[in-house]
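Presented below is the structure to which this report refers.
Throughout, read-outs are computed from the coordinates displayed, never taken from laboratory work. Since the structure is predicted, the reported quantities are computational estimates derived from the model, not experimental observations. When we count neighbours, we look across all protein chains shown, and the Cβ atoms used for this are built from the backbone with ideal geometry, even at glycine.
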Ligand SMILES: Nc1ncnc2c1ncn2[C@@H]1O[C@H](COP(=O)(O)OP(=O)(O)OP(=O)(O)O)[C@@H](O)[C@H]1O
């Protein structure tokens with residue numbers, strides 16, 4: 001999927017108000033791509049362009065090499081069957097049972113017999129863990145269960161792409177994790193491309209391979225999740241990272257004002273996270289360290305650690321060079 005210089009404006013009271021400007025982006029088949037941004041950044045607009053719920057005002061949007069903005073009605077209908085979507089508020093039909101909600105897109109497509117539809121619905125409900133709830137109505141389900149119905153319905157027509165519009169924003173943290181696990185499993189097992197938008201860093205950190213940060217209708221930073229979030233460059237990305245880590249960098253710098261030594265941040269990734277590098281290098285170089293801040297976490301399946309250290313004594317330059325040669329990233333936060 002390729003966005004080429006995509007622009008989108010909305011006409012409001014006779015004026016064109018830009019919502020997206022100059023979006024250039026490639027999303028690879030089979031990846032989970034996240035878009036993060038604050039309210040009004042343009043996330044919903046961007047995701048809704050992919051199935052042409054909104055039309056771009058300019059630029060090209062290629063899927064499998066075809067510019068979908070030029071599709072006629074038939075091609076567009078076929079495209080939409082290849083793209084499933086789930087929503088923040090689930091958008092289930094309240095007067096239909098769980099099974100009928102999931103069957104709905106199959107009946108619309110009109111290609112399957114009754115028996116085939118029933119079999120497909122049973123298979124989808126089993127996949128999302130709702131087999132026992134087939135004859136319930138949406139009002140009898142929890143939020144997480146409703147989103148599972150949404151996922152089963154979105155998968156009914158065997159899409160290649162799944163769009164998730166703030167799909168976990170109405171759910172509590174535990175339910176969010178279980179829905180994200182289900183999405184990751186679907187991505188792995190069905191090879192589906194997932195594009196999700198969110199304002200929550202943790203969602204991106206948990207399942208995305210790559211991320212784009214949107215601000216004011218533009219992509220301000222994008223790349224592999226670990227690169228973008230461990231070494232954020234743009235102020236908006238830095239704020240998302242700080243919010244998710246509950247860290248106020250200014251406050252922290254004030255706290256460190258009275259700590260002697262050179263202050264550095266070390267980032268460990270993958271297997272290096274569990275290596276006893278710190279002690280070894282400190283000993284070899286005669287450097288003392290105090291740990292000022294730190295966290296160990298995972299980005300998707302990869303562990304990482306970040307430590308803020310004050311270094312004193314010994315050969316600090318040699319220690320920093322050793323850290324780098326051991327594969328850690330070293331950022332100088334304050335010279336002595
Ligand atoms: N149908 C519309 N008509 C007019 N303006 C719109 C319309 N939809 C979105 N906008 C405007 O376009 C900009 C981007 O909105 P969009 O909904 O894409 O952002 P968002 O990042 O998804 O925000 P949120 O998380 O609040 O939904 C905003 O300034 C919004 O007011």
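Report whether or not residue 292 is within 26 Å of residue 225 (Cβ to Cβ), in a strand (DSSP E or B) and in contact with a strand residue (DSSP E or B) (Cβ under 7 Å, 6 or more places away or on another chain).
Values: within 26 Å of residue 225 (Cβ to Cβ): yes; in a strand (DSSP E or B): yes; in contact with a strand residue (DSSP E or B) (Cβ under 7 Å, 6 or more places away or on another chain): yes.
Yes; evaluated as a whole, the condition is true for this residue.
Give the number of residues within region 240-251 that are crowded, with 16+ Cβ neighbours inside 10 Å and farther than 17 Å from residue 305 by Cβ.
2
Only one of (1) over 24 Å from residue 336 (Cβ atoms); (2) free of Cβ contacts under 8 Å to residues at least 12 places away in the same chain is not met by residue 236, so which one is it?
(2)
Quick check on residue 243: is it within 16 Å of the ligand (Cβ to nearest atom) and over 23 Å from residue 51 (Cβ atoms)? Before the answer, list the steps.
Values: within 16 Å of the ligand (Cβ to nearest atom): yes; over 23 Å from residue 51 (Cβ atoms): yes.
Criteria met by residue 243.
If you take just the strands (runs of 3 or more DSSP E) that sit entirely in region 1-80, which of them hold at least 1 residues that are within 12 Å of the ligand (Cβ to nearest atom) and either free of Cβ contacts under 8 Å to residues at least 24 places away in the same chain or surrounded by 13 or more Cβ atoms within 10 Å (Cβ to Cβ) (or both)?
Qualifying strands (runs of 3 or more DSSP E): 2-12, 15-26, 32-37.
So, of the residues in region 159-179 that are free of Cβ contacts under 8 Å to residues at least 40 places away in the same chain and more than 13 Å from residue 89 (Cα to Cα), which turns out to be surrounded by the most Cβ atoms within 10 Å (Cβ to Cβ)?
The residue in question is 179.
Is it the case that region 139-157 has a residue that's within 18 Å of residue 202 (Cα to Cα) and crowded, with 17+ Cβ neighbours inside 10 Å? Working first, answer last.
Taking region 139-157 as the starting set, the residues that turn out to be within 18 Å of residue 202 (Cα to Cα) are 144.
Narrowing further to those that are crowded, with 17+ Cβ neighbours inside 10 Å: 144.
Yes, region 139-157 contains at least one residue that is within 18 Å of residue 202 (Cα to Cα) and crowded, with 17+ Cβ neighbours inside 10 Å.
Given 221, 185, which one is within 16 Å of the ligand (Cβ to nearest atom) and farther than 11 Å from residue 168 by Cβ? Show your work before the answer.
Details: 185 fails: within 16 Å of the ligand (Cβ to nearest atom).
From the options 221, 185, the qualifying one is 221.
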